[in-house]
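Read through the structure below, which is laid out as structure tokens, and then see the notes.
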Amino acid sequence: PPAGLSRPLHRLLRAPVRASLARVCAGRLAVMSLFLFVALPAILPVLGVVAWLLYDVTVRLVAWHRSRHITAPPGAWCAHLGISSLPPHQQLTGEKRHLGRLYHAERYGVFRQSNLPPGVAIVVTHAELVHAVFKALPDKPRVVYDRLRFMGEGVHNIFSLPTNDEWKRRRRAFQHSFNKNEVRKRHSLVEQHVAELSHILRSRDGEVLDLDELFSALTVDVITHLGFDTDLGALRGEDCGLTKALQHAISYDAMFMNYSPLIAALVMPNERKQRVLRARKVGSAAVSRIYDEFLARYDAADASAKAAMDDLLMSRLLRFQRENAGVTRQHVLAEMGTFIAAGYDTTAHSLYWTVYCLARTPEALRRVVQELETAADGEWPFLDACIKEAMRLYPTAGGGVAKYVDQDIELNGLKLPKGALVTVSAYAVHRLKHNWGEDANEFKPER
């Protein structure tokens, strides 16, 4: 066309093209924005769950195949895939699980069952095999012990760490505080709190009392006083709710939330999740207060007072923090919360079940009273036997312990594949007739 018409015609044709392109781009941007800000956030959790399920099923199938030479109870294949009448957060433990393990142990000796990843738990209960497992398999499986993070904003503590150099370093730093001689030095503090409990029991004679609650308060007071030089006053109700909070902070709901927060968010009732979160908040606040008060007293003390405090667990924790650049306040709080939680619960429940067994066995109770009245102070062998027998029947950690198999190994004729989780069920070991005879379920301190 003539040169004079080409530019106006070009402009005329270019304007609709620009408008069309603008409309197309705007439409596509709107669709992309809708996908990015609306659809994608809704799809991602679903994709995450699907990916987790695919991974879980794959791991379970591989683990099932590698352990096929070990007997599985009837219906174990369905349980292995996570198909159960119980919700996932109730499959971790509980009386039915303990009784089921005991039943299968009586029938099969060694058996496999469904478990959270790595998929299969090989349960051993015969005493000779248990001994071989503890001797040959030193490693803690992280998949199990990673759940034991109670406070300190999720940082690892000495229980949740795998068996590595860091775990050994912390163990060396803290273990001296649990030496019998160190505890004996402060035995008067234990007697002080026991006397306080005795006064409560006498003053409420004739009432129905919750001994589990009272023993929990007693052990919290003893542990915080012995380890952190703090009279918390739980028996007097002055612990700011720490004792109650600890019960929820170390519950299996809390461990399940640590292990799999995504699945817990989907299947666990909101009320139970909130209860755990509130308990963690109360517990963390109480432990922080103990830390701050001790630190203020320690820094203000003179040389002789500091020397008297040096053997306390809290002093060792502070030295560990100050001598190691990577250890923060949160790490110390995590250790404090763990020692309090683990120590109070195990001791309180052992006391409770000992009293329960003695109350149901009048002859054993009569012998204990006679021994306390006649024997020398601290020389009470029958009382010691009663405590051990009660702990046998009612172990505080009934689920037992788990060990990780890092290479193919054979123990007492049992082939354990690499990557397997070997579980020693304390409840089943302690009540198995193979180990204890036909009267395994009876309270007999004489054994």
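The values are calculated or read from the model by the stated rules, or taken from the named source; none is laboratory data. Keep in mind it's a predicted model, so treat the numbers as computed, not measured. Cβ: placed from backbone, ideal geometry, glycine included. Neighbour counts: every protein chain shown. Side chains are part of the model used for accessible areas, which takes the heavy atoms of the whole protein and leaves out ligands, DNA and RNA. Shrake-Rupley method; radii C 1.70, N 1.55, O 1.52, S 1.80 Å.
Residue-level analysis places TYR404 outside the set of residues that are in contact with a helix residue (DSSP H, G or I) (Cβ under 9 Å, 6 or more places away or on another chain), among the hydroxyl-bearing types (Ser, Thr, Tyr), farther than 30 Å from ALA121 by Cα and open to solvent by 70 Å² or more (accessible area, probe 1.4 Å).
Every test in (1) modelled with pLDDT under 90; (2) part of a helix (DSSP H, G or I) is passed by VAL190 save one, and that test is (1). In region 240-259, is there at least one residue being of a type outside the set (Val, Ile, Thr), on the phi > 0 side of the Ramachandran plot and touching a residue at least 12 places away in the same chain (Cβ under 8 Å)? Yes, there is a match, as at least one residue in region 240-259 is of a type outside the set (Val, Ile, Thr), on the phi > 0 side of the Ramachandran plot and touching a residue at least 12 places away in the same chain (Cβ under 8 Å). With respect to (1) under 13 Å from ARG170 (Cα atoms); (2) outside any helix (DSSP H, G or I), the lone exception for ALA325 is condition (1). Checked against (1) surrounded by fewer than 16 Cβ atoms within 10 Å (Cβ to Cβ); (2) assigned to a helix (DSSP H, G or I), ASP311 passes all but condition (2). Among all residues of region 332-348, there is none that is touching a helix residue (DSSP H, G or I) at 6+ places or on another chain (Cβ under 6 Å), under 30 Å from PHE111 (Cβ atoms), touching a residue at least 60 places away in the same chain (Cβ under 8 Å) and not aromatic (Phe, Trp, Tyr). Residue pairs whose Cβ atoms lie under 7 Å apart, sitting 6 or more positions apart in sequence or on different chains, and linking a residue in region 163-175 that is among the β-branched types (Val, Ile, Thr) to a partner that is surrounded by fewer than 17 Cβ atoms within 10 Å (Cβ to Cβ), are THR163/PRO138; THR163/ASP139. In this structure, is GLU166 open to solvent by 60 Å² or more (accessible area, probe 1.4 Å) and either within 26 Å of the chain's Cα centre (by Cα) or more than 23 Å from LEU318 (Cβ to Cβ) (or both)? For GLU166, the condition - open to solvent by 60 Å² or more (accessible area, probe 1.4 Å) and either within 26 Å of the chain's Cα centre (by Cα) or more than 23 Å from LEU318 (Cβ to Cβ) (or both) - is not met. Among residues of region 84-109 that are more than 20 Å from VAL267 (Cα to Cα), none has a Cβ under 8 angstrom from a residue that is open to solvent by less than 30 Å² (accessible area, probe 1.4 Å) and at pLDDT below 50 at a sequence gap of 6+ or on a separate chain. Restricted to region 193-294, the set of helices (runs of 4 or more DSSP H) holding at least 1 residues that are farther than 22 Å from SER350 by Cβ and open to solvent by less than 20 Å² (accessible area, probe 1.4 Å) comprises 252-259, 261-267. Pairs linking a residue in region 56-76 that is more than 14 Å from PRO417 (Cα to Cα) and of a type in the set (Val, Ile, Thr) to a residue that is at pLDDT below 70 and open to solvent by 10 Å² or more (accessible area, probe 1.4 Å), with Cβ atoms under 9 Å and 6 or more positions apart or on different chains, are VAL57/LEU81; VAL57/GLY82.
Just one of THR328, THR361, THR338 is open to solvent by 50 Å² or more (accessible area, probe 1.4 Å) and either of a type in the set (S, T, N, Q) or under 25 Å from GLY283 (Cα atoms) (or both); which is it?
Values: THR361 fails: open to solvent by 50 Å² or more (accessible area, probe 1.4 Å); THR338 fails: open to solvent by 50 Å² or more (accessible area, probe 1.4 Å).
None of the others qualify; the one that does is THR328.
Within region 63-115, the set of residues being closer than 28 Å to HIS434 by Cα and at pLDDT below 55 comprises TRP77, ALA79, HIS80, GLN91, LEU92, THR93, GLY94. Residues that are of a type in the set (A, V, I, L, M, F, W, C) and either under 22 Å from ASN412 (Cβ atoms) or at pLDDT 85 or above (or both) within region 121-172 comprise ALA121, ILE122, VAL123, VAL124, ALA127, LEU129, VAL130, ALA132, VAL133, PHE134, ALA136, LEU137, listed in sequence order. Filtering GLU371, GLU410, GLU389 for residues that are touching a Leu at 6+ places or on another chain (Cβ under 9 Å), more than 27 Å from ALA234 (Cβ to Cβ), acidic (Asp, Glu) and open to solvent by less than 40 Å² (accessible area, probe 1.4 Å) leaves a single hit, GLU371. Looking only at region 309-330, which residues are modelled with pLDDT of 85 or more and under 16 Å from ASN181 (Cα atoms)? Residues satisfying the conditions are MET309, LEU312, LEU313.
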